[in-house]
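Report on one structure; see the data block that follows.
Read the figures in this text as sums done on the coordinates, not as results from a lab. As the structure is a prediction and not an experimental result, all values here were calculated from the model. Cβ atoms come from the backbone with ideal geometry, glycine included; neighbour counts cover every protein chain shown.
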Amino acid sequence: MQRTHSPIVSPRWYSVGAALVAVVLWSVAPLLAERAHTSSPLQLTALTLLAGALATMPLSRRVSVASCRRGWQLGIWLGIPLLILGAVSTYFIGMRLAPAAEAALITYTWPVLFVLLSQWSRFGRLRLAGVTGALIAFSGAALLLVPQALSSGLGGATVGYGLALLAACCWALYSWVSQAAPVSITPLLPRLLLIACAMTTLASLAFEGRPILPSTEALLAGVALGLGPYGIAMVAWDKALRWGHASLVGSLAYGVPILAGLLLVLAGVSVLDWRLPTAALLVVVGCLNAGR
């Protein structure tokens, strides 16, 4: 009689472990971005994406994208780099214009957007729990946005909050496209990051002028951002999406805003007041409800 051996780690737990790696690395991103504040946002984005491409280069291999439909080919080679560029650059700019912890919290509403996209693509409609969760989560973001808009109008920090929300939309779309793509994105990620880096470099030259050599601290922070949050974390997240259930994996990302805010407060970058933990609690509760 032939014996059968079960795998040591099931795909479900493998996806959970990969998602947790991404969550921890993403939680460090706001603090690293704050350490690199002396570098211009687009220049920092280009440096980060270049470091991320180099970090993921060992995973690169040939994937038959040509066998995909033309729409998917365009979505992979153009859409994904644009989403990466949009997500990282608007995140960095938003953190310059608004308080870092609050901008990070708004950006990390993206899991509930991802869950809504997944529900729509899977069932053709939105479930009541998803809509209710989204309303709860965005009420937490509104707790930060509305007082600022009323006190200072539509400039300054309010624009930063809006850019942070745009970054959330880009990350949600990136996660959905990565999950729905007919081929795995991980082997293509180094090339996609290089394409996004080239786009960002052109944008930086057009809008920021001649590049200026960043300080040592900004350079090290940018490289660390590329190696961790936008390198290893993106690979881990893609693996988690491929091996696990969207709602389960997405729910693990709900701890990012709390961990990120806690690190910023502990580092003395942000000041803790009642609005930030209340908004974080609303975001997490809303995301958990949406992912039920």
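What the table shows:
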read-out: The chain - charge dipole about Cα centre, Lys and Arg +1 at Cβ, Asp and Glu -1, debye rounded to 20; value: 1120 debye
read-out: GNM flexibility winner over the chain from 118, 175, 67 (Cα, springs under 10 Å); value: 67
read-out: Those residues of segment 161-201 whose amide nitrogen sits under 19 Å from the label point placed on residue 126, 7 Å along Cα→Cβ; value: 165-177
read-out: Potential extension, residue 202-residue 135 segment - 0.36 nm per residue separation minus Cα distance; value: 20.3 nm
read-out: Debye intensity ratio I(q)/I(0), log10, segment 164-207, q values 0.14, 0.21, 0.27 Å⁻¹ (C-alpha model); value: -0.45, -0.86, -1.00
read-out: Cα lying deepest toward the dipole's positive end in the chain, options 101, 280, 56, charges on Cβ; value: 56
read-out: Dipole of the chain, positive end: most advanced residue of 40, 167, 120 [Cβ charges, Cα centre]; value: 120
read-out: Matching label, P(r) over Cα pairs in 10 Å bins from 0, in percent computed from the structure shown, candidates [x] 6, 25, 29, 24, 14, 3, 0; [y] 6, 21, 20, 13, 10, 9, 8, 7, 6, 2, 0; [z] 7, 28, 36, 22, 6, 1, 0, 0; value: [z]
read-out: Calculated Rg and Dmax of segment 16-155 using C-alpha coordinates, Å; value: 18.0, 54
